[in-house]
1. Please determine whether any residue of segment B:290-313 is over 28 Å from B:Asp97 (Cβ atoms) and more than 9 Å from chain A (Cβ to nearest Cβ).
2. Step by step: first the residues of segment A:321-341, then only those that are in a loop (DSSP other than H, G, I, E, B) and not aliphatic (A, V, I, L, M), then the one that is farthest from the other protein chains (Cβ to nearest Cβ). Which residue is that?
3. Out of the residues in segment A:359-374 meeting the condition of being under 10 Å from B:Pro286 (Cα atoms) and within 7 Å of another protein chain (Cβ to nearest Cβ), tell me which one is modelled with the highest pLDDT.
4. For segment A:330-367, which positions are closer than 19 Å to B:Pro276 by Cβ and β-branched (Val, Ile, Thr)?
5. Looking only at helices (runs of 4 or more DSSP H) that fall completely inside segment B:223-287, which ones have 1 or more residues that are farther than 18 Å from B:Leu162 by Cα and within 8 Å of chain A (Cβ to nearest Cβ)?
6. Within segment A:295-308, does at least one residue satisfy the condition of being over 50 Å from the mean Cα position of the chain (by Cα), more than 14 Å from chain B (Cβ to nearest Cβ) and under 26 Å from B:Phe264 (Cα atoms)?
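The values are calculated or read from the model by the stated rules, or taken from the named source; none is laboratory data. Fair warning: this is a prediction, and the values are worked out from it, not measured in the lab. Note that each Cβ is placed from the backbone with ideal geometry, even for glycine, and that neighbours are counted across all protein chains shown.
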Amino acid sequence: MEKKASVFRKLVLSLTFCLSPLLILAAPPDQGILLYTAYTSQSVTPGKTVTYNIEVINQTEGIQNVNLSLRGVPNSWAPSLTAGTNSIQKIAVKPKGVESENAKEVDLKLNVPLKISKGYYTFELFAETDSGMEYLLPLSIQVTEQGVFRTEMQIDQANMEGYADSDFNYNFTLNNQTAREQNYALSSAAPPGWDVRFRVGGNYATSVSIGTNESENISVQVTPPEQTEADTSEVVIRATSGSTSARDTLEAVIKGKYDLNLTTPSSRLSTEVTAGGEQTIELLLENSGTVPLRDISLDASTPAEWKVNFENDEVTRLDPGETTTVDATIAASSKAIAGDYRLQMDASTPEASSEATFRVTVSKSIAWGSAGIFIILLVSGGIAYLFKKYGRR
Amino acid sequence: MTVDSDTVRPFWVMVQKEISDHVRSWRFVILVALIVLTTSGSIYTILSVIQDNPAQLSADTTFLYLKIFTESINNLPPFITLIGFLGPLVGIALGFDAVNAERDKGTLSRVISQPIPRDYFINSKFVGALIVIFALIFALGFLVLGLGILYVGLPPAAEELLRIIAFLVFTCVYVAFWLNLGITFSIVFRQSSTSALCTLAIWLFFSVFYSMLVNFLVGATTYSNYAARTLTVMLSRISPEFLFNELTTILLTPSIRSLGGLSFEQVSGTIPSTLPLGQSMLLVWPNITALVAGTLICFGISYMLFMNQEIRA
């Protein structure tokens, strides 16, 4: 539609050009009033002010009170006629004479708006005297650029992939293409639990001020909740000022994370065992990732001649966030010396593994100690016998 | 004991007489002076080091009180070595002429002719000397401990105190062993010089020559290193001196976890740690058994010999 309109306008314009000499011819040059300006067609960029210096010429013998009006100018262009510093509607021009000037100057100002299409715009300045004399001055403006009034948001990389426990850092450029400095409020819409923060020049910010035709690099830090399942999530970011706004969508692709944690229910990683004896400890397996783990196998690396038996040395499936317990029986070597030993338990799947190192305090059995007591008792018995046999003589 | 107080009293009178005889004898005074002089040098060096620069002792400054007894600085032997060496001398000095001197002076038959059981004589000799030994050893030990508190400024931990007390008790047992050996020889030999020489010879043999003999024997018979070590330890354990040294070292060094050699399998996976007192005691329990049993057996022999001996010769 707009294209058609502009074609039509061009047609009208060319017609006007063709006809304008006729119009001028139609009004005899030496009578009536004339409007004159040097530059009847000007080229401007959107947002600029165009000023026409117009001369009103009186070619009659008497004073003419001229009424000036504009035709075909949209109100948004804010047309104004001024002479000196005053805004005027009518102007009186002296007649042609020896001592007087028969011309008066008037300024026509037009503000070309920012939001305008590229092309020719024509209008007319119409002069009419009280006595009914008329003159039509056709004027045209060529808007050389497509006029804009908007804010541009440009994201470097809108799609990112990462684990649930990592941050997603996006960068975008906010470009103010309006004629004024804009104060943008930065806001976001994210799924519940997600944290979105904006960063301008290294600092966290909620608003940013950008001058005309300037741009600012803004980074967005998106933190998903810890236990987010593997999925693609969208975060909408918005920059809003009073008159303009921009929005775009960021994509965060959460990758499933494999994580396994091996510990004990009390988190205590020490135990006691007698040399040659056994001790059962409860192990706790926790899937701290976001993806179910399958076929978790348990293993232990022990001091020489020690053994660790697991109640079941393979856990078939463990869902994210779930825990399970496994009993492990530590059998210490009978030759183990008293004191502390290091014993390591491993839980592993093809994707993740975890280890727990235990401090096992070995104590010696008191079997030999009792043998020693028996020997001493035997000797004491022998002495008691001697006392009984020889004493009291 | 189901003995009335009337019959007990003469026994304790005899014990008191024994104690006063020992304490007043020059022999005892000289020995005590010898022990005090040698140990005070060693203790003083360690205490001044602890006060000035405890890091010089060793990287690990736990069980500081035990270090006072075990650490050797400037080639001065530590307290435990000195006690292990001089302790037997005290025992021998108190026991070597217990019976034969009385026999020589003719006092034995006079005592025996009193209306008291005959074993009172030998028992009072043993108990009297034992009390003196206990008093001496504990006095020495606690003096060192007291000096330690004075210098260190911290009270010893319960574990340290218990270990020190255990060490003192077993030192008394060890000295009592030599005392009984002395008493036995004093019954066997009529001449006190013979019995003195005999016990001294045994003491000298075990504390000086026995280790040389063991080394010679092991060197002559075995070639492999591990076998040599095992054999050395095995043969050495016949010596009461060696048993006592092992016992005191383990008792006062909680970080030692084993006696003698260790196989690679035993060492793999170990974490340096200290043992609780119970486990240390269990480690040297054979030594404790051997020392206590040896002391009791020596006493039994001397008792039997004395009771079977003809006195009115």
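1. First pass over segment B:290-313, keeping only residues over 28 Å from B:Asp97 (Cβ atoms): none.
Within segment B:290-313 (the criterion being over 28 Å from B:Asp97 (Cβ atoms) and more than 9 Å from chain A (Cβ to nearest Cβ)), the answer is no, since none of the residues qualifies.
2. Taking segment A:321-341 as the starting set, the residues that turn out to be in a loop (DSSP other than H, G, I, E, B) are A:321-322, A:332-338.
Now drop any that are not not aliphatic (A, V, I, L, M), which leaves A:321-322, A:333-335.
Working: A:Gly321: 34, A:Glu322: 32, A:Ser333: 7, A:Ser334: 10, A:Lys335: 5 Å.
That would be A:Gly321.
3. Taking segment A:359-374 first, the residues under 10 Å from B:Pro286 (Cα atoms) are A:368-369, A:371-373.
Okay, now just the ones that are also within 7 Å of another protein chain (Cβ to nearest Cβ), so A:368-369, A:372.
Working: A:Trp368: 73, A:Gly369: 78, A:Gly372: 86.
Selected residue: A:Gly372.
4. A:Ile337, A:Val360, A:Thr361, A:Val362, A:Ile366
5. Values: elements: B:225-236, B:240-252, B:264-267, B:277-283.
Of the helices (runs of 4 or more DSSP H) lying wholly inside segment B:223-287, those with at least 1 residues that are farther than 18 Å from B:Leu162 by Cα and within 8 Å of chain A (Cβ to nearest Cβ) span B:264-267.
6. Pass one, segment A:295-308, residues over 50 Å from the mean Cα position of the chain (by Cα): A:302-308.
Adding the requirement that they be more than 14 Å from chain B (Cβ to nearest Cβ) leaves none.
No, segment A:295-308 contains no residue that is over 50 Å from the mean Cα position of the chain (by Cα), more than 14 Å from chain B (Cβ to nearest Cβ) and under 26 Å from B:Phe264 (Cα atoms).
Per-residue answers, yes or no, for (1) assigned to a strand (DSSP E or B); (2) closer than 30 Å to A:Tyr39 by Cα; (3) of a type in the set (Phe, Trp, Tyr):
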{"position": "A:Ile116", "(1), (2), (3)": "no, yes, no"}
{"position": "A:Glu128", "(1), (2), (3)": "yes, yes, no"}
{"position": "A:Leu137", "(1), (2), (3)": "yes, yes, no"}
{"position": "A:Val148", "(1), (2), (3)": "no, yes, no"}
{"position": "A:Phe172", "(1), (2), (3)": "yes, no, yes"}
{"position": "A:Val196", "(1), (2), (3)": "yes, no, no"}
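Yes/no matrix, rows are residues, columns are (1) more than 30 Å from A:Val148 (Cα to Cα); (2) touching a residue at least 60 places away in the same chain (Cβ under 8 Å); (3) surrounded by 13 or more Cβ atoms within 10 Å (Cβ to Cβ):
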{"site": "A:Gln59", "(1), (2), (3)": "yes, no, yes"}
{"site": "A:Gln64", "(1), (2), (3)": "yes, yes, yes"}
{"site": "A:Val73", "(1), (2), (3)": "no, no, yes"}
{"site": "A:Ser76", "(1), (2), (3)": "no, no, no"}
{"site": "A:Ala83", "(1), (2), (3)": "yes, no, yes"}
{"site": "A:Ser87", "(1), (2), (3)": "no, no, no"}
{"site": "A:Lys109", "(1), (2), (3)": "no, yes, yes"}
